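What follows is a short report on a single structure.
The values are calculated or read from the model by the stated rules, or taken from the named source; none is laboratory data. This is a predicted model, so every value here is computed, not measured. Reconstructed Cβ throughout: ideal geometry from the backbone, glycine too, with neighbour counts over all protein chains shown. For accessibility, only protein heavy atoms count, side chains too; no ligands or nucleic acids. Shrake-Rupley method; radii C 1.70, N 1.55, O 1.52, S 1.80 Å.
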Amino acid sequence: SDEGFYNAGTTFSTDADIANTDKPELYQTERNRLAMTYTVPCPNGLYSVSLHYAEIWRRAFDYASRVFDVFIQGELIARDLDVFEKAGGRGNAAFIDITENVEVDNGFLAIDFLGVNQHAKISAIEVRQVL
């Protein structure tokens with residue numbers, strides 16, 4: 001659950017099948033908003049951050065229908081992200097964007113999403129400490 005970690009956004013869900021994954025339940029719900037931030041408490045250290053996406057909003061089942069930027073710890077990690085394109089030009093298809101060696105030095109991991117065309121979105125976030 002993402003309760004308590006986000007600052008804004010609404011949820012949208014579908015019961016549609018999700019391709020490219022063996023865990024479709026991760027991708028059948030999204031949180032979206034023009035601008036939103038997740039702040040995850042983490043001990044200081046290095047982390048691998050996996051951002052899980054599937055375009056489930058039917059009005060975005062075309063290239064560039066929803067485009068947004070993603071920042072981790074203030075650093076731009078994805079400019080003009082188009083989930084539909086990244087998922088191979090398919091709606092309801094999953095893909096994962098992994099960022100390695102993210103440094104946390106203040107006890108919090110910050111992930112910012114900023115809509116460029118329509119709202120930004122996220123299906124799931126996975127944070128693993130690098131040992």
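Points to keep in mind about this one:
- Hey, D2 farther than 19 Å from V130 by Cα and of a type in the set (D, E, K, R) or not: yes
- Test: A87 is modelled with pLDDT under 95, over 11 Å from the mean Cα position of the chain (by Cα) and either over 19 Å from A19 (Cβ atoms) or surrounded by 20 or more Cβ atoms within 10 Å (Cβ to Cβ) (or both): yes
- Any chance F113 is surrounded by fewer than 19 Cβ atoms within 10 Å (Cβ to Cβ), assigned to a strand (DSSP E or B), among the hydrophobic types (A, V, I, L, M, F, W, C) and touching a residue at least 12 places away in the same chain (Cβ under 8 Å): no
- All conditions but one from (1) assigned to a loop (DSSP other than H, G, I, E, B); (2) in contact with a helix residue (DSSP H, G or I) (Cβ under 7 Å, 6 or more places away or on another chain); (3) closer than 15 Å to I125 by Cβ apply to E3; the one that does not is (2).
- Among (1) farther than 20 Å from V127 by Cβ; (2) surrounded by 15 or more Cβ atoms within 10 Å (Cβ to Cβ); (3) touching a Lys or Arg at 6+ places or on another chain (Cβ under 8 Å) - the single one G9 does not satisfy: (1)
- Among the residues making up the range 14-48, those that are touching a strand residue (DSSP E or B) at 6+ places or on another chain (Cβ under 7 Å), exposed (fewer than 15 other Cβ atoms within 10 Å of the Cβ) and part of a loop (DSSP other than H, G, I, E, B) are L34, N44.
- Residue match in the range 64-84 (condition: of a type in the set (F, W, Y), in contact (Cβ under 8 Å) with a residue 60 or more places away in the chain and in a strand (DSSP E or B)): no
- Entry remark, the range 46-71: residues being hydroxyl-bearing (S, T, Y) and modelled with pLDDT of 95 or more number 4 in total.
- The single residue among F95, F113 that is touching a helix residue (DSSP H, G or I) at 6+ places or on another chain (Cβ under 9 Å) and either under 19 Å from D2 (Cβ atoms) or hydrophobic (A, V, I, L, M, F, W, C) (or both) turns out to be F95.
- The number of residues in the range 49-63 being under 15 Å from A94 (Cβ atoms) and in a strand (DSSP E or B) comes to 5.
- Per-region count, the range 99-110, residues open to solvent by less than 10 Å² (accessible area, probe 1.4 Å) and of a type in the set (S, T, Y): 0
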